Amino acid sequence: MGSLKIENVKKSFGNVEVLKGIDLEVEDGEFVVFVGPSGCGKSTLLRVIAGLEDATSGNVLIDGRKVDAVPPADRGIAMVFQTYALYPHLTVRNNMSLGLKQAKTPSDEIARRVTTASTMLSLDPYLERRPAELSGGQRQRVAIGRAVVREPKLFLFDEPLSNLDAALRVNTRLEIAQLHRRLSATMIYVTHDQVEAMTLADKIVVLNGGRIEQIGRPMELYNSPANEFVAGFIGSPK
Ligand code: ADP
Ligand code: MG
């Protein structure tokens, strides 16, 4: 299971209200993409969903339970960041294993999961290397692998392809789509790239200034945008 319900979530930093009342339901197994301009609150919303940031008001429910009532290790959420956030002194294998070791997962189980994830992500030849010996695309695959080994029910991706060049962006995007089909986990994916949104999403959430402008399937937004903002954002190539 990995369903999500967001009820009237607001978030302020000091006097500035960054999320102005977000309501959203995500079904188990859905691939949902948040799009919107820089500064509209995408990362903040993702961090609130992950429980890394408390909402000022409103509720985030994962499989019907309030996210802040569940200890972080038991939430079944894994987040992948734009900057990879790998440990430079650890090998690929140990970067992927660390969270499981901390959770006291048995070592044979860790080895099994690392093997499965590294095969899925074509990382087998690199398991004993350190991040500095990898390309940007390989590093991002390690960061994704580190999420996969935790077997989360909900993946959160925050602009995972932004630091990659164009060719790698396409490859990594296809790998993420393939992972979604294989794992049948729920995925929420933040981007400001219309092509990524249109190709990956079951459902797109268009954010602007801390509010949702429209929620719909890619072709619904493309063919019937609710307003000029959505039309400009989804319709026009970057
Ligand atoms: P996006 O990911 O859509 O680019 P963010 O969620 O990162 O947008 O940021 C939304 C707004 O909230 C921005 O104006 C940003 O400066 C502000 N913001 C984000 N995090 C903090 C924070 N920890 N403290 C103060 N302001 C923040
Ligand atoms: Mg952001």
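Values in this text are rule-based calculations from the coordinates and carry no lab data. On a predicted model such as this, the values are computed, not experimentally measured, just so you know. Note: ideal-geometry Cβ built from the backbone for every residue, glycine included; neighbour counts use all protein chains shown.
Where the only charges are on Cβ atoms (+1 Lys, Arg; -1 Asp, Glu), what is the dipole of the chain about its Cα centre, to the nearest 20 debye?
Dipole of the chain, to the nearest 20 debye: 580 debye.
Count the DSSP beta bridges whose two residues both fall in the chain, then state the antiparallel fraction as a percent rounded to the nearest 5.
55 percent
Let me test this: with uniform point scatterers at the alpha carbons of segment 1-118, what is the Debye-based log₁₀ I(q)/I(0) at q = 0.16, 0.21 1/Å?
For segment 1-118 at q = 0.16, 0.21 Å⁻¹, log10 I(q)/I(0) is -0.91, -1.22.
Could you give P(r) for segment 139-203, binned at 5 Å from zero, as whole percent values over all Cα-Cα pairs?
4, 16, 33, 29, 15, 4
Counting only complete DSSP H runs, which helices of the chain cover 24 Å or more along their long axis at the Cα atoms and score a mean Kyte-Doolittle of -0.5 or above?
Long hydrophobic helices here: 166-183.
Roughly what would the spin-label model give for ALA177 and LYS104, points 7 Å off Cα along C-beta, in nm?
Roughly 4.3 nm, to one decimal.
If you take the charge dipole of the chain about its Cα centre, with +1 on Lys and Arg Cβ and -1 on Asp and Glu Cβ, which of GLY64, PHE157, THR119 is farthest toward its positive end?
Looking along the dipole axis, the top candidate is THR119.
So what is the relative contact order for the chain, in percent, with contacts set as C-alpha pairs under 8 Å and at least six apart?
Relative contact order comes out at 28 percent.
Set the bar at 24 Å for Cα to Cα. Now go through LYS11/LYS101; LYS104/LYS153; LYS66/LYS101; LYS5/LYS101 and name every pair that lies beyond it.
In this structure, LYS11/LYS101; LYS66/LYS101; LYS5/LYS101 lie more than 24 Å apart at Cα.
Per Stokes-Einstein, at 10 °C and 1.306 mPa s, what whole-number D in µm² s⁻¹ belongs to segment 61-201, with the Kirkwood radius over Cα pairs as the hydrodynamic radius?
102 µm²/s
Could you line up HIS89, HIS192 from fewest to most neighbouring Cβ atoms inside 10 Å?
HIS89, HIS192
If you build the Cα gyration tensor of the chain and take the root of 5 times each eigenvalue, what three semi-axes come out, in whole angstrom, biggest first?
The three semi-axes for the chain are 30, 21, 16 Å.
Can you find, among LEU183, LEU221, ALA197, the residue farthest towards the positive end of the dipole of segment 175-226? Put +1 on the C-beta of Lys and Arg, -1 on that of Asp and Glu.
The Cα lying farthest towards the positive end belongs to LEU183.
Any chance you could check the Cα centroid distance between segment 122-156 and segment 200-238 for me, in angstrom?
Using only Cα atoms to place each centre, the spacing works out to 31 Å.
Can you pull the one-decimal nm distance between simple spin-label points at GLU27 and VAL170, each 7 Å off the Cα toward Cβ?
Each label point is offset 7 Å from its Cα along the Cβ direction, giving 3.2 nm.
For segment 65-174, which GluC sites (Glu not before Pro) are both in a DSSP coil and crowded by at most 16 other Cβ atoms within 10 Å?
Those that pass, being in a loop and sparsely packed, are GLU128.
Give me the Kirkwood hydrodynamic radius of segment 1-60 in Å, from all C-alpha pairs, to one decimal place?
12.0 Å
Give the dimensionless ratio obtained when the Cα radius of gyration of segment 107-163 is divided by 2.2 N^0.38 Å.
Rg over 2.2 N^0.38 Å, computed on Cα atoms: 1.14.
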